[in-house]
1. So how much slack lies between Trp60 and Asp136, counting 0.36 nm per residue of separation and subtracting their Cα-Cα distance, in nm?
2. Helix by helix, which DSSP H runs in the chain go 15 Å or more along their axis at the Cα atoms and have an average Kyte-Doolittle hydropathy of -1.0 or more?
3. Before anything else, pin down the relative contact order of segment 3-274: Cα pairs under 8 Å, at least 6 apart, normalised by residue count, whole percent.
4. Test of understanding: ordering Val7, Val32, Val223, Val113 by Cβ neighbours within 10 Å, fewest first, what list do you get?
5. Test of understanding: express the Cα radius of gyration of the chain as a ratio to 2.2 N^0.38 Å, with N the residue count.
6. So how do Trp213, Trp40, Trp244 line up by other beta-carbon neighbours within 10 Å, fewest first?
7. Given a Förster radius of 45 Å and the C-beta distance between Met44 and Leu158 as r, what FRET efficiency does 1/(1 + (r/R0)^6) yield to the nearest 0.05?
8. Could you give the length gained by full extension between Leu221 and Asn77, i.e. 0.36 nm per residue of separation minus their alpha carbon distance, to one decimal place?
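Just so you know, all these numbers are worked out from the coordinates, no wet-lab data involved. The structure displayed is predicted, hence computed values, not measured ones. No Cβ is skipped: glycine too gets one built from the backbone with ideal geometry, and neighbour counts run over all protein chains shown.
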Amino acid sequence: MALASVVLQLALVVATMLVTATLVVIGPRRLVTALQDVRWRLEMCLLPVATLALVLFLRWSTVDIAVRIEHRVLGNNITPRLFELEQLLFPVNPVAALQTFQSPELTSFFAFVYIYGYAFLLLFPIIAYFALETMDDLSTLLLAFTVNYTIGLACYVLFIAYGPRNFDPLLFEGLLYDGFPQMRRLTNQVNQSTNVFPSLHTSLSMTVFFLAWLTREKYPLWVPVSGVLAISIAVSTMYLGIHWFSDVVAGTVLALISVHIGRSYSIRDLGRSIG
């Protein structure tokens, strides 16, 4: 399947999920009210949106430089240490233990939440918080995303780490493409085999869940939905052989740090402190 077809399929599935969640969780009346003063809302969140976009652009535009630095300059491969740590802490490696339960149905489920559920989980709270009366929660979310990416991508440069499926294919299976083989084209475009520690899938997903809990009075239904999805995505990264348990723990800690910064500071506050 061509890359354009894969992207279109992803967009259609996620769009369907977003529309359904918007109608059920947000409600048509609240959404219509938000759209009536959309210009003011866009102006209020312009700075955090621009900051997040800048971080993502810098990462995209410097990916070749980052790869050269991590491999040729730093060369700090921590993969054996992650493996040894988990061998020391657990009688059976958590990834290997999860994969003993594999079935076609379970593989399809975890592959679906890893790809489609993850995209939905990151996009829906942007819509939900945009529909609120103030943009404080949306600004917090966007700043938390920015912190996640900034710290996470810095770790990817500092630490070379390969996931279980790449570290030892005899012990760990790469199950992602068993569920959705057509997604190989897409993931090859956006992922690198050393982007493992910490798990950004986990950190960003748990960030959404933690913020959902903190804003539970505004969207109570979103709390269980985001919780189930976030935990499923974290587990899926191990079940599919993409991340170690250590990556998931580090991703959860990164989520807590990001939410704390997002709740405690603004972009301007961070700019003044750095300056």
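1. Numbers: separation 76, 0.36 × 76 = 27.36 nm, distance 2.79 nm.
Value of the extension gain: 24.6 nm.
2. In the chain, the long hydrophobic H runs are 3-21, 46-61, 79-89, 118-130, 136-158, 200-214, 222-239, 245-264.
3. Once normalised by length, the contact order is 29 percent.
4. Val32, Val7, Val223, Val113
5. After normalising by residue count via 2.2 N^0.38 Å, the value is 1.03.
6. The fewest-first ordering by Cβ neighbours comes to Trp40, Trp213, Trp244.
7. On the way: r = 35 Å, r/R0 = 0.78.
Working from the Cβ atoms, E equals 0.80.
8. That pair, Leu221 and Asn77, stretches by 47.6 nm at full extension.
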